[in-house]
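Structure first, commentary second.
None of the figures in this text is laboratory data; all of them are computed from the coordinates on show. Since the model is a prediction, treat every value here as computed from it, not as a measurement. Here the Cβ positions follow ideal geometry from the backbone for every residue, glycine too, while neighbour counts run over all protein chains shown.
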Amino acid sequence: MDHVAAGEFLWARTEVVKKSNSTAHLSFPETEVVMKRITYTFFALLLVTLPTSLATSVNLQTKSPETVVLGENAALGKVAFSHANHTTKNYNVEGTRPVYCIECHHVEQPAAEVAKIPPHETAYPPDRTTTLTADLLTKDPATKVTPCRSCHARKTEKPLVWPQIPEMKSENSTAMITLTNQQAFHRACAGCHDQVVKMRPTAKAPTTTKCVACHKKS
């Protein structure tokens, strides 16, 4: 409740007290009229303040996080991933711009766009028409972002939004790789870091072999 609404509520409460004290001298019909007016005032204030409260709640749900904790149960320790750094600083492979949302959240775009970035094949929802961007997240309160593990579940779990954990053919053989959350995170994060260092040898991005640069035990 903002300060204006709070002021209105206190005014209404004061009026309730005043009118309640004065109703002792009124007849029953007059008292009933006064109480109806007080009730209408209360519900009018409720209608004014409720939409604002709901809007604030929705905005909080779609706000881009500062940090995302990954691998809570990893043997080497969990990873505190700085979402803010990757989305606001020049953290792309070339070091020229922030990382685009769909570079990690690859299902958050139309299927025709997903097809342009193999081995990805899936859009979610399958009939989506929008592409996730920071601007879309800010302007459209209805925007929802599918958590990575909703598809890339742990190997002992079933995905929340997909029939089974996605699979892909190995780059080096005919074997199929099950893209659990561990596989997906390492391919996305460490794989990107490897590309960064290959292109920019002085970059500080932790590569595939520097596990504890990201994994930290409590």
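Give the order of 82, 173 when sorted by the count of other beta carbons within 10 angstrom, beginning with the fewest. Walk me through the intermediate numbers first.
Details: 82 14, 173 8.
Ascending number of Cβ neighbours within 10 Å: 173, 82.
Taking 7 Å along the Cα-to-C-beta vector as the label spot, tell me the residue 188-residue 63 distance in nanometres, rounded to one decimal.
For the pair residue 188/residue 63, the computed spacing is 2.2 nm.
Could you check the simple spin-label distance between residue 82 and residue 97, using points 7 Å along Cα→Cβ, in nm with one decimal?
Using points 7 Å along Cα→Cβ, the separation is 2.2 nm.
Given R₀ = 45 Å, FRET efficiency for residue 135-residue 173 by Cβ-Cβ distance, to 0.05?
Values: r = 41 Å, r/R0 = 0.92.
Computed FRET efficiency for residue 135 and residue 173: 0.65.
Between residue 146 and residue 121, what is the spin-label point distance in nm, taking each point 7 Å from the Cα along the Cα→C-beta axis?
1.4
Checking the a/c ratio against 1.5 first, then a/b against b/c, what shape does the Cα gyration tensor give for the range 67-216? Display every interim value, and only then the final one.
Working: a/c = 1.40, a/b = 1.11, b/c = 1.26.
It comes out rounded by the Cα gyration axes.
Could you work out how much longer the chain between residue 208 and residue 89 gets when fully extended? Use 0.36 nm per residue separation minus the Cα distance between them, nm to one decimal.
Gain on extension, residue 208 to residue 89, equals 40.7 nm.
If the limit is 22 Å between Cα atoms, which of 78/204; 158/217; 63/144; 63/210 go over it?
Working: 78/204 20 Å; 158/217 27 Å; 63/144 10 Å; 63/210 31 Å.
As for pairs spanning more than 22 Å Cα to Cα, those are 158/217; 63/210.
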